[in-house]
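These notes are about the structure you will find just below.
The values are calculated or read from the model by the stated rules, or taken from the named source; none is laboratory data. Everything numeric here is computed off the predicted structure, so don't read it as measured data. Cβ placement follows ideal geometry from the backbone for every residue including glycine, while neighbour counts extend to all protein chains displayed.
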Amino acid sequence: MKILAISSRIPSSGKKGDQVVSFFRLMHLARSNTVVLVCFGDITKAEDREAKQALEALGIVVHFVLWKPFVALAHLLKAIFNPLMPFQCALFQSGKFKRRVNTLRIGFKPDALYCVMVRVFPNIAQNKSRVFVDMVDSMGLNFSRRVSMAKGLKRWLLDLECRRVCRFERNVALQATQSFVVSKIDQKSIGIDKVHAIPLGIDMQQFNKNRGNPKPGPVIAFTGNMGYQPNIDAVQWFIQNCWPQIKSLIPEVQLIIAGSNPHPSVLTFGKHDSAIKVTGRVPSVAAILNTASVAIAPMQSGSGMQFKILEAMACATPTVTTSLGLGDISATPGKDIMVADSSPDFIQAVLSLLASTQLSAAIGDSGMEYVRNHHSWEAINEQFVEICGIS
């Protein structure tokens with residue numbers, strides 16, 4: 001079968017959530033199908049070139065379209081007067097992208113289109129082929145949770161985008177042959193029968209128990225894209241509500257915040273407290289997790305399923321999250337993972353793991369087994385191709 005994939009970002013096993021999901025989907029599809037990808041990318045950037053080479057090594061043909069900020073701004077301004085167009089999607093509208101897709105439709109003659117997230121869907125709106133949309137998360141649910149935390153003008157703007165996004169992703173789900181999210185909670189939020197929930201997978205070769213030389217003293221780790229608002233909210237909540245008491249009881253404790261694009265507010269925490277280290281992008285998230293005593297994911301907003309939680313569990317690092325962070329992960333609280341929503345409970349969960357090597361090892365090892373048994377990319381992608389009817 002011939003498959004034409006389109007994405008706003010180049011799929012990559014070491015990048016953001018949608019890029020990781022699409023990388024492993026395409027790797028699976030390329031085994032038995034001919035796959036061509038069109039995505040925004042810049043061949044002059046080393047990280048884009050490396051990601052392109054990794055896909056080409058799998059037999060995938062990659063076409064880059066350069067994302068131009070002035071073009072994006074023009075579409076963004078037009079979207080102000082179009083209540084049906086989310087600003088998220090306007091940013092990735094591109095005449096050049098559409099033309100490249102249409103040229104490949106004529107020359108390549110794909111049997112199906114695989115669309116990564118709804119952001120690029122306007123570029124294939126007139127398509128009559130089978131279309132499979134990997135929404136990954138419900139952006140509508142994500143925005144609705146962020147609206148509840150915002151105030152003033154920011155709340156008004158988020159609410160405006162939330163209403164647009166909710167309407168748009170439902171329309172996409174109705175138009176697509178099948179759509180996919182990583183959580184039943186997101187599936188229910190969209191509320192369309194053709195949306196299927198398939199959980200995230202984890203690369204077990206990359207994320208595994210490998211303690212090596214752990215850092216001296218207790219280390220708490222938070223990992224993730226630190227330019228992403230739900231991650232910023234989570235770190236701010238923990239530092240404001242939990243960190244002072246934990247540090248007062250364990251003065252030698254360290255907090256590592258590892259992830260690309262750290263927001264200025266996150267960088268400020270590291271400048272004001274020498275026990276907090278904001279690393280920015282790191283060569284290996286697994287290495288950070290394997291040196292940590294405890295991983296935290298105190299999510300207060302966001303949607304979907306959290307890679308950061310599954311990655312920490314895969315490394316046998318005992319993990320503490322909130323009910324919102326746990327979401328649709330079917331791990332057992334108190335056995336595979338610790339779950340706490342109030343700051344006193346979250347503090348107690350972290351302290352109990354730091355205080356007891358026996359409890360820490362039990363939670364860590366049980367969490368690792370859970371991920372191995374439930375989040376294999378191979379098994380998850382078999383579900384995907386079966387629903388799509390692709391060999």
Candidate set from segment 257-298 (those that are farther than 19 Å from K16 by Cα and hydrophobic (A, V, I, L, M, F, W, C)); member that is farthest from the chain's Cα centre (by Cα): A275
Output for segment 162-209, where each listed residue is of a type in the set (D, E, K, R), in a loop (DSSP other than H, G, I, E, B) and free of Cβ contacts under 8 Å to residues at least 12 places away in the same chain: D193
From the options V35, V20, V65, residue that is within 24 Å of N225 (Cβ to Cβ) and more than 22 Å from the chain's Cα centre (by Cα): V65
Residue check for V62: surrounded by 12 or more Cβ atoms within 10 Å (Cβ to Cβ) and at pLDDT below 95: no
Selection count where residues are surrounded by fewer than 15 Cβ atoms within 10 Å (Cβ to Cβ), over 24 Å from P218 (Cα atoms) and among the hydrophobic types (A, V, I, L, M, F, W, C), scope segment 355-386: 1
Among residues of segment 76-106, those that are farther than 11 Å from N123 by Cβ and of a type outside the set (S, T, N, Q), counted: 16
Segment 2-16, residues that are surrounded by fewer than 18 Cβ atoms within 10 Å (Cβ to Cβ) and either of a type in the set (V, I, T) or at pLDDT 95 or above (or both): K2
Subset tally (residues that are touching a residue at least 24 places away in the same chain (Cβ under 8 Å) and more than 23 Å from K16 (Cβ to Cβ)) for segment 244-256: 8
Residue list for segment 41-53, restricted to those being touching a helix residue (DSSP H, G or I) at 6+ places or on another chain (Cβ under 9 Å) and buried (at least 20 other Cβ atoms within 10 Å of the Cβ): G41, A51
Segment 299-324 - residue that is at pLDDT below 90 and not polar (S, T, N, Q) and, of those, farthest from the chain's Cα centre (by Cα): G302
Condition met for I256 (touching a Cys at 6+ places or on another chain (Cβ under 9 Å) and farther than 22 Å from D186 by Cβ): no
